[in-house]
1. Inspect the range 216-231 for any residue being modelled with pLDDT under 50 and either surrounded by 13 or more Cβ atoms within 10 Å (Cβ to Cβ) or assigned to a loop (DSSP other than H, G, I, E, B) (or both) and give the result as yes or no.
2. Give just the number: which of (1) over 32 Å from the mean Cα position of the chain (by Cα); (2) modelled with pLDDT under 85; (3) among the small types (Gly, Ala, Ser) does Ser89 not satisfy?
3. Looking only at the range 124-161, count every residue that is assigned to a loop (DSSP other than H, G, I, E, B) and within 14 Å of the chain's Cα centre (by Cα) and tell me the total.
4. Can you tell me which condition Met98 does not meet? The list is (1) over 24 Å from Gly25 (Cβ atoms); (2) crowded, with 16+ Cβ neighbours inside 10 Å, and all the others hold.
5. Take the range 120-141 and flag every residue that is crowded, with 17+ Cβ neighbours inside 10 Å and under 16 Å from Pro194 (Cα atoms).
6. Being at pLDDT 80 or above and within 35 Å of the chain's Cα centre (by Cα) is the filter here, so list the residues in the range 1-23 that pass it.
7. Go through Thr79, Thr108 for me and flag whichever is under 24 Å from the mean Cα position of the chain (by Cα) and at pLDDT 95 or above.
8. Identify all residues within the range 24-69 that are crowded, with 17+ Cβ neighbours inside 10 Å and either of a type in the set (Ser, Thr, Tyr) or modelled with pLDDT under 70 (or both); write none if there are none.
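The values are calculated or read from the model by the stated rules, or taken from the named source; none is laboratory data. This one's a predicted model, so the numbers in the text were calculated from it and none came from an experiment. Here the Cβ positions follow ideal geometry from the backbone for every residue, glycine too, while neighbour counts run over all protein chains shown.
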Amino acid sequence: MSPSVTGFSTIPSSTNAGSIELNAGTDVTFVCETAGDPLPQTSDVALTFSGRNPGLPTQMPTAGGNTIHSRLLRNVSVTDAGQYGCMVSTVAGQDNRMVTVDVKVPPTTTVPPPVRATSTTELAVDIQLSKLAWTGNGEIIAKDIQYKLSNGSSWETLSNNEEGEVRIRNLSPNTTYNVRLVLSRPGEGGRGRPGPIATVSTPETVAGDESNGLPAMSVRIFQMWKGFLIHRSFQTKPA
């Protein structure tokens, strides 16, 4: 019986518009399943890429009378995109199957994010996509905010996929922080590198200041009582 390629795919696998989409920097395993009589062996199977042979596959345990062959490619890049083929050839004949591989670059911001202090204990980060400069491939599915003390080593992360401003709360007054964004696109390995850092300081606490960062107001009340002018004064916070 003539040999045949009964299946040819990748692990991980994400299909987009008929091609297999991978993210740069990931490892990918090409899996080719063959059948025939005699049963194809490793020496009968070749993995091709644009006419080149990227290496002999490794035979895996048989499944349902077929042989399964695999080949691992590490740290794929955009130069690895193209047409891949699995070809099987025995004394009984030959067969092949092709797949198209598209390699995308995870997104990364190219400038620091817009950050402003909204109080002594809070920062606002504008993560509207239209206001962010970035490189790589979309679709952007997450915009995580990372922040830390400017002299610290440990980053805190706020996971986010919304538009607009995001508040970083419960910070310390009169303190300098570093803030950066991490963008992600679909698929395994779609998380990009952290972008450039914005450095911003929270204001110093003033007398009467409270947790919301708004200054206290002095209020005076004058009232007549039995012919006497009574004066009362106290401090309050704006609503």
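1. yes
2. (2)
3. Count: 9.
4. Among (1) over 24 Å from Gly25 (Cβ atoms); (2) crowded, with 16+ Cβ neighbours inside 10 Å, the lone unmet condition for Met98 is (2).
5. Result: Val125, Ile127, Leu132, Trp134, Gly136, Asn137, Ile140.
6. Those that are at pLDDT 80 or above and within 35 Å of the chain's Cα centre (by Cα): Thr6, Gly7, Phe8, Ser9, Thr10, Ile11, Pro12, Ser19, Ile20, Glu21, Leu22, Asn23.
7. Residue meeting the stated conditions: Thr108.
8. Correct list: Thr26, Thr34, Pro57, Gln59, Thr67.
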